[in-house]
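The values are calculated or read from the model by the stated rules, or taken from the named source; none is laboratory data. What you see is a predicted model; the values in this text were computed from it and never measured. Cβ sites come from the backbone with ideal geometry, for glycine too, and all protein chains shown count toward neighbours. SASA here: full protein model, heavy atoms, side chains in, ligands and nucleic acids out. Shrake-Rupley method; radii C 1.70, N 1.55, O 1.52, S 1.80 Å.
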Amino acid sequence: MKTAKRLNDFEAYLGTTMNVILTKMREEGKDVINLGLGDPDVQPPENQRRVLADACFDANNHHYPSFYSSMPLKEAIAAWYRRHFDVECDPETEVLPLLGSAEGLFHIHTCLLDTGDTALVPDPCYPAYVAGVKIAGGVIEPVPLLKKNGFVPDLGAIDPKVAQRAQMIWVNYPNNPTAANAPEEFYKNLIEWAHKYKVAVISDNPYSEVCFDGYKAPSFLQLDGAKEVGIEFNSLSKAYNSCGWRAGMMLGNKDIIAGMAKIKSHSDRGMFYPLQVAAAAALNGPTEFMAERNRIYKERRDVVVKGLQDVGLEVEIPKATFYVWASVPNGYKSHDFCFKILDEIAVWMIPGSMYGKYGEGYFRIALTHPAERLAGAMERLKRFMS
Ligand SMILES: Cc1ncc(COP(=O)(O)O)c(C=O)c1O
């Protein structure tokens with residue numbers, strides 16, 4: 001069957017290809033430690049799960065949901081942003097629930113780009129941005145994330161001619177894959193820059209609640225003038241340990257929210273009602289579990305950082321996200337190093353080059369296994385490196 005040519009312009013999500021390889025290795029009896037998986041092993045809070053179960057027994061909850069999702073969930077999202085970031089958004093016009101933020105990350109390109117329009121995309125980045133631009137017929141201008149700049153874009157280095165023709169710029173802090181944070185000063189400059197060049201800022205902030213060492217990740221929307229130039233995505237996936245729920249949100253600029261709601265009125269029928277009820281309960285509910293969850297991730301981070309340092313690898317100590325971004329040993333390309341490790345010690349870590357050209361020289365580890373298992377992976381690495 002002939003499929004559209006545009007399918008040749010991007011790769012399938014990298015997890016899908018690797019899952020086939022890792023499953024085959026396990027079937028052959030290998031004890032593979034998959035440090036690629038960005039899906040927490042910790043459970044969603046109990047109140048959230050109970051509310052979901054109960055909501056399934058309400059006979060009214062099995063109809064088509066409203067196209068634009070019910071007000072209680074929108075109000076819960078707006079109230080969560082008020083409490084967590086001191087950001088005010090009108091639940092009616094400045095908030096939109098999503099079927100996971102990935103759904104929004106995908107449709108935002110259709111919403112903002114006409115064929116041939118330019119999108120500024122960080123490199124390295126979460127791969128969905130690249131695929132989304134290409135599927136929408138847009139053109140990518142990479143914005144390098146370099147170690148010397150703390151893996152934050154250098155706005156001054158963007159050619160003004162490119163900035164003038166750009167429709168949108170992606171930013172993602174705390175960052176996947178580099179685990180870097182952006183200082184508030186960066187957002188201030190970004191908003192000024194976006195006003196000057198009339199570029200929509202699309203901030204992707206799903207790791208806002210996974211922070212350590214007293215660090216508190218900001219929202220782009222906290223800054224004056226942000227809503228005039230952009231929106232922010234967030235999600236229950238990492239904040240509430242609920243990746244499989246597909247419960248996300250976007251907030252900010254009214255015109256972009258209205259455009260996305262229009263697209264969603266055709267692409268889906270809104271979030272399953274019991275999920276809406278449970279997502280609202282989670283957002284309105286206790287957040288104490290987050291401190292304990294973050295303590296667990298911090299303990300794991302320390303195990304991995306020490307393990308990498310012990311074998312002489314250069315590593316940034318992350319203050320947020322559940323990723324560790326480290327340099328490959330001298331003389332290796334990312335891809336060759338990670339696949340050699342997989343082959344020889346059955347540990348899978350993602351090559352930085354899979355996130356873009358500027359990811360070359362690095363690899364990413366996800367802290368989504370118990371500390372003992374991560375320590376086991378570090379032991380294997382030590383044997384490999386000695
Ligand atoms: C940077 C980034 N954005 C978005 C997502 C997607 O999150 P969701 O589960 O809400 O679709 C992820 C998931 O790993 C991510 O790392």
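When you take every Cα atom in region 236-379, what is the radius of gyration, and what is Dmax, the widest Cα pair distance, in Å?
Values for region 236-379 (Cα only, Rg and Dmax): 19.5, 53 Å.
Give me the accessible area of Tyr332, 1.4 Å probe, in Å² rounded to the nearest 10.
In the full protein context, Tyr332 sits at about 80 Å².
What is the local net charge at Glu316, summed over the other residues whose Cβ is closer than 12 Å to its Cβ (Lys, Arg +1; Asp, Glu -1)?
Spelling it out: positives minus negatives among the neighbours equals +3.
Mind jotting down the distance between the C-alpha centroids of region 277-343 and region 120-181, whole Å?
Distance between centres, Cα-based: 22 Å.
Show Val130, Val143 ordered by accessible area, largest first, where the area counts protein heavy atoms only and the probe is 1.4 Å.
Val130, Val143
Provide the solvent-accessible area of Asp90, counting protein heavy atoms only and rolling a 1.4 Å probe, rounded to the nearest 10 Å².
About 60 Å², ignoring ligands and nucleic acids.
For the pairs Lys216/Lys238; Lys74/Lys198; Lys74/Lys227; Lys74/Lys262, flag any whose C-alpha to C-alpha distance is greater than 19 Å.
The pairs that break the limit, which is 19 Å between Cα atoms, are Lys74/Lys198.
Please state the charge dipole magnitude for region 193-244, taken about the Cα centre, from unit charges on C-beta atoms (+1 on K and R, -1 on D and E), reported in debye and rounded to the nearest 20.
Dipole of region 193-244, to the nearest 20 debye: 140 debye.
Given R₀ = 30 Å, what would the calculated FRET efficiency be for Arg83 paired with Ser265, taking r from the Cβ atoms and rounding to 0.05?
0.50
State the antiparallel share, in %, of DSSP beta bridges confined to the chain, rounding to the nearest 5.
Antiparallel bridges make up about 50 percent of those DSSP assigns within the chain.
Give the Debye-formula value of log10 I(q)/I(0) at each listed q (0.11 Å⁻¹), with one equal scatterer per alpha carbon of region 203-269, two decimals each.
So the normalised log intensities are -0.32.
In terms of solvent-accessible area of protein heavy atoms at a 1.4 angstrom probe, what is the ranking of Tyr362, Tyr81, highest value first?
In descending accessible area the options line up as Tyr362, Tyr81.
Rounded to the nearest whole Å², what accessible area per residue is found for region 184-323 with the 1.4 Å probe?
It amounts to 38 Å² per residue over region 184-323.
Counting only other residues whose beta carbon sits under 12 Å from that of Asp213, what net charge do I get with K and R as +1, D and E as -1?
Taking every other residue near Asp213 into account, the sum is +4.
For region 59-117, which whole percent of the accessible surface, found with a 1.4 angstrom probe, sits on carbon and sulfur atoms?
Whole-percent figure for carbon plus sulfur exposure: 54.
Would you mind working out the magnitude of the charge dipole of region 213-372 relative to its Cα centre, with +1 at each Lys and Arg C-beta and -1 at each Asp and Glu C-beta, to the nearest 20 Debye?
The dipole of region 213-372 has a size of about 520 debye.
Within region 129-264, what whole-number % of the accessible surface is contributed by carbon and sulfur, with the 1.4 Å probe and all protein chains included in the calculation?
Of all accessible area on region 129-264, carbon and sulfur atoms account for 52 percent.
How big is D for the chain, in µm² s⁻¹ as a whole number, if Stokes-Einstein is applied with the Kirkwood radius of its Cα pairs at 20 °C and 1.002 mPa s?
99
If I ignore ligands, DNA and RNA and count only protein heavy atoms, how much of Ile158 is accessible to a 1.4 Å probe, in Å² to the nearest 10?
For Ile158, the solvent-accessible surface is approximately 20 Å².
Looking at Pro329, Ala291, Leu251, which one has the Cα that reaches farthest to the positive end of the dipole of region 240-386 (charges on Cβ: Lys, Arg +1; Asp, Glu -1)?
Highest projection toward the positive end goes to Leu251.
Quick one: 3J(HN,Hα) in Hz for region 258-274, Karplus 6.51/-1.76/1.60 with θ = phi - 60°, rounded, Gly and Pro as x.
5, x, 5, 5, 5, 4, 5, 5, 9, 7, 8, 10, x, 7, 3, 3, x
If amide hydrogens are placed 1.01 Å from N in the peptide plane, which non-local residues have theirs closer than 5 Å to the one on Phe212?
Ala320
Under a Cβ-only charge scheme (Lys and Arg +1, Asp and Glu -1), can you give me the dipole magnitude of the chain about the Cα centre, in debye to the nearest 20?
In total the dipole reaches around 620 debye.
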